[in-house]
Amino acid sequence: MKTTRFGMSLDDELLKHFDALIDKKGYANRSEAIRDLIRDLITQEEWKVSDKEMVGTVTLVFNHEAHELSDKLTDLQHNFFKNIVSSTHIHLDHHNCLEVLILKGKSKDIKTISDKLISTKGVKHGKLVMTSSGKNI
């Protein structure tokens, strides 16, 4: 892959804050940090294209004793078995569980599935983290 060099102009204060942030996060240099910012922006834009192949994770926290909740979540996952690549279930304490699902497919389908899981009555907290398949970045 060919690399192109280019220059940037930034306000001194903005650059100072950026340098502090990249140091805190452990980037080797500004270029690496800028590349990550660009990749993140590209990924965000890819998610706006509803028929683009993407991946994401859905994290759910719920009380497994809530009336039929575990069964409802399992049934939903079976309905979308083609998109759910993997799931991990852990017990946080005597009542609460954490489940993480890896989804793959069109961004619109992943959003629909995650919305259904997260909005299931009894789920205490849920979050979709969207990322790229890596093909275009």
Candidate set from the range 29-47 (those that are touching a residue at least 40 places away in the same chain (Cβ under 8 Å) and among the charged types (D, E, K, R)); member that is nearest to F6 (Cα to Cα): R39
Residue list for the range 92-124, filter: over 15 Å from the mean Cα position of the chain (by Cα) and without any contact (Cβ under 8 Å) to a residue 24 or more places away in the chain: D93, H94, S119
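Yes or no, residue by residue, for (1) assigned by TED's automatic domain parsing to the domain that holds D23; (2) of a type in the set (G, A, S); (3) touching a His at 6+ places or on another chain (Cβ under 6 Å):
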site: N63; (1), (2), (3): no, no, yes
site: H67; (1), (2), (3): no, no, no
site: F81; (1), (2), (3): no, no, no
site: I102; (1), (2), (3): no, no, no
site: I110; (1), (2), (3): no, no, no
site: S119; (1), (2), (3): no, yes, no
Residue that is modelled with the highest pLDDT, among those in the range 20-58 that are under 11 Å from S107 (Cβ atoms) and of a type in the set (S, T, Y): T43
Enumeration of residues in the range 48-63 that are out of contact with any Cys (no Cβ under 9 Å at 6 or more places or on another chain), of a type outside the set (G, A, S) and either surrounded by 14 or more Cβ atoms within 10 Å (Cβ to Cβ) or under 30 Å from N96 (Cβ atoms) (or both): K52, E53, M54, V55, T57, V58, T59
Qualifying positions in the range 10-37 - of a type in the set (A, V, I, L, M, F, W, C), loosely packed, with under 13 Cβ neighbours inside 10 Å and farther than 21 Å from I137 by Cα: L10, L14, A20, L21
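Name every residue in the range 1-33 that is outside any loop (DSSP other than H, G, I, E, B) and on the phi > 0 side of the Ramachandran plot, in order of residue number.
Taking the range 1-33 and keeping what is outside any loop (DSSP other than H, G, I, E, B), we get 12-25, 30-33.
If the condition is that a residue be outside any loop (DSSP other than H, G, I, E, B) and on the phi > 0 side of the Ramachandran plot, then no residue fits.
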Among residues of the range 80-94, those that are assigned to a strand (DSSP E or B) and among the charged types (D, E, K, R), counted: 0
Residue check, D115 surrounded by fewer than 16 Cβ atoms within 10 Å (Cβ to Cβ) and at pLDDT below 95: no
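The values are calculated or read from the model by the stated rules, or taken from the named source; none is laboratory data. The shown structure was predicted, so the numbers you read here are calculated from the model rather than taken from an experiment. Don't worry about glycine lacking a Cβ; one is built from the backbone with ideal geometry, like all the others, and counts go over all protein chains shown.
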